[in-house]
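Every number here is computed from the coordinates shown, using simple stated rules; none is lab data. Please read all numbers here as calculations on a predicted model, not as lab measurements. Using ideal geometry, Cβ is built from the backbone for each residue, glycine included, and neighbour counts are taken over all protein chains shown.
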Amino acid sequence: MRNLKAISLLLLPLFGCFAQLENPDIALSHNLCGGTANCMPGALPLGLMQISGQNTFTVDFGDQPLLQPSTAVGPATVNTSLILGGAGIQLQNAASGDFSQVATISLLAAPSATTDCSATGSNCTVLADYDRARDGAANQSITLRGRGVDLITFISSTSHSMNLQLQASGTGPSGAWNADVSMDMGLKARANFP
Amino acid sequence: MHLRKLFVIAAASLCFAAAAMAQSDAAPPSQPDASAKPPAKPAKKKRTKSGKKSGSKKTSKNRKKKSSAPAAAVQPVEPIVPDDGEPPQLTHQPVAAGTRGKPLTIAAHAVDANGVFGPILYVRKRGLGTGDYVPIRMIASKIVPGDYSVDVPAALINLDGLEYYIEAWDTAGNGPTRAGSSEVPMAVAIEEEKRAIALPTLPTNVTIKPKGAPPAITHAALTQALKGKPVEINARLVGDTGVQGAAVMFRHAGEKDYRALPMGNIGGDDYTATIPAAMATSDLEYYVEAFDQYGNGPARSGAPNVPYGLKVMDASPAAVPAPAAASVASRRRTLDDEDTDRTIIGIGIDGGAPGGGGAMLLVRPFWWLRLNGGLAYNVAGFGYRGGITLSPADWAVSPTLNIDAGQYLSGDLNKFVTVNDSNPAFVGAVRTLLSKTTYKFATAQVGLEFGSQRRFVFYVRGGLTYFESSLSGAEITAVAQSKNPDPNNTYNFRGDTKFSGILPCASLGFNLFVY
């Protein structure tokens, strides 16, 4: 009991102490087709946008430090959040046309890196979305409004990747097209003592 | 001689002669009494004019007449005293004032070998003529030979003033000797009787409040002074009814009486007085007092029986003894105190974790406040820092509150961090990032200082430090990109990454004040 009190007294100055790393403006962009090829057919009504025949496409974050929901570092526990503030789809080839006929588009995340979203995406979480009626017509790029989802829970702690899905409506660019999907994220890693 | 006076004297002589004859007829013979003898003044007067010889004959005739009187009336032969030819000696203490309606006693002393006739007091109302004097014979004292006195009747004292003189003859007719004269009399002023005025008794339930109130005194007591240096004593005197008679009352320790040193107004409610350097030779005691313009007071800071002690010390700093723990309580201060002889400039060196150490220049504008500024060093790099320290006590062990802030302009954390990773690109990117570690910090600490605040203190401190570092977005991007396995992915840390935190900290160091 006495030792517990002594330890408590020694740790008392640590209460309220922390170390924190934050950057509110991190962008990770992923090329849907990989390279310069236009893998997406043009002038097709949009629905589930399959990439290479898959309902989802994978984004590998890499073995980045701090990309763990919770990590013990000495006496401190590091908690990390990666909040998606928004997303964007940037047409890579202007000759493909534009996104003006796109009515809606949503970016969804699969529950885990080993799970695909269903064709309707019902088992996935909407991360960001675009609605032409709400956001106005798009041209070469589409800006998706984020929903403040913390991506860290969707990133595999082993593969460091997450599966994403695009669901859209309307009509795509007139020609075959390729695009970069970017995610604007805010990183915050905080170590609280003890 | 004035005829009126001559007449008065003659009448008085006759009166005495008749009284003596009546006494000799009615009473057995007794010892001769000079005062009862009939004056020979009129005869003497004639004799004076005609010569002593004729006078002596007449005197013998008188004796013959007496001797021819009936046997029962024969007086025993009085001893014959030869005429000394001198008037009596008369001394008199003039009476300058009397009380209206009260008898006025006038006394004189007269002696003569032949015996004194009279003396006669001549008194008149002030301002009347020389013929208006009233003669009153003075009565011989039965206790002191030669003393005479008379009470001027109260009825004569209801005037604005009296004038008088005294005249005396001897029984041989020599004289007169005068105190004053009819032309130059002595004046007596008649005054009203002074009566004690009984004030009406006030009801006990009535409170009489004097106008105004003593001023309020705010004074930071001085405890030390330098020998041979003037001692300035300041006070703030605030009174709704003004300030008057503000003074520093001081004395050397051991003395009984205080000396008053008037305080002068130096603007607003502030007053000052300076004990001269010549007085600062040994320990002093003082208090401050003041009145308002109606005389209410004194208000005091300190008191005659509980003065402030002012220790007078040698001017040489080396001779100033370090404060002993036992004397700490007596040197306790408040934040309002001023101490102009305190050292104000010094240097300080400290070290601690995680903030590193530094060398600072110290400036003490007030004894309870220190400012510091200087270089900071944390092994990784250099920076600058500054801060303030509050030391609200002047004890051998004094608590402090310290706030510092600064910035490290360079820093290479690779000295302390080893990056182990199989990805050399990542290692390189991280090392690049760590080689440019700069940060800002702010520290709040409480501590204890040991030693003399005047000269040297050693201290230990503990508290919290806040740090904030900006990591280059490009370098962070390089680190992230080095870990990016997918060539289709591109990282971009658009802004700098902020690394911040609050950590416990501790430090120790010393301060040395040199000026």
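Structure above, values below:
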| quantity | calculated |
| --- | --- |
| Flagged links, alpha-carbon separation over 19 Å, of B:229/B:311; B:415/B:498; B:102/B:142 | B:415/B:498; B:102/B:142 |
| Per-residue mean of C-beta atoms belonging to partner chains within 10 Å, peptide B:476-486 | 5 |
| All aspartates and glutamates inside 14 Å of residue B:440 as judged from Cα atoms, apart from same-chain residues fewer than 8 positions distant | B:404, B:468 |
| Cβ crowding within 10 Å averaged over residues, with A:162-171, B:378-387, B:411-420 ranked highest first | A:162-171, B:378-387, B:411-420 |
| Anchor residue A:188: aspartates and glutamates whose Cα lies under 12 Å away (excluding residues fewer than 8 positions away in-chain) | A:22, A:25, A:150 |
| Cα-based convex hull, chain A, per residue volume (Å³, whole number) | 135 Å³ |
| Cα gyration tensor category, rounded, prolate or oblate, for region B:345-513 with a/c compared to 1.5 | prolate |
| Net charge over other residues, Cβ less than 11 angstrom from the Cβ of residue B:126 (K, R count +1; D, E count -1) | -1 |
| Dipole of region B:216-313 [Lys/Arg +1, Asp/Glu -1 at C-beta], most positive-end residue of B:313, B:260, B:220 | B:313 |
| Test item: B:494-502 mean partner chain Cβ contacts at 10 Å | 6 |
| Full-stretch length increase - residue B:474, residue B:149 - with 0.36 nm per residue and alpha-carbon distance subtracted | 104.1 nm |
| Mean separation of Cα contacts under 8 Å (6+ apart) over length of chain A, as relative contact order % | 42 percent |
| Three-way shape call for region B:427-473 based on the alpha-carbon gyration tensor, with the a/c threshold at 1.5 | prolate |
| Cα centroid separation, region A:47-86 to region B:234-256 (Å) | 79 Å |
| Region B:345-513, relative contact order [Cα under 8 Å, separation at least 6], % | 22 percent |
| 10 Å Cβ neighbours from other chains, averaged over peptide A:20-33 | 6 |
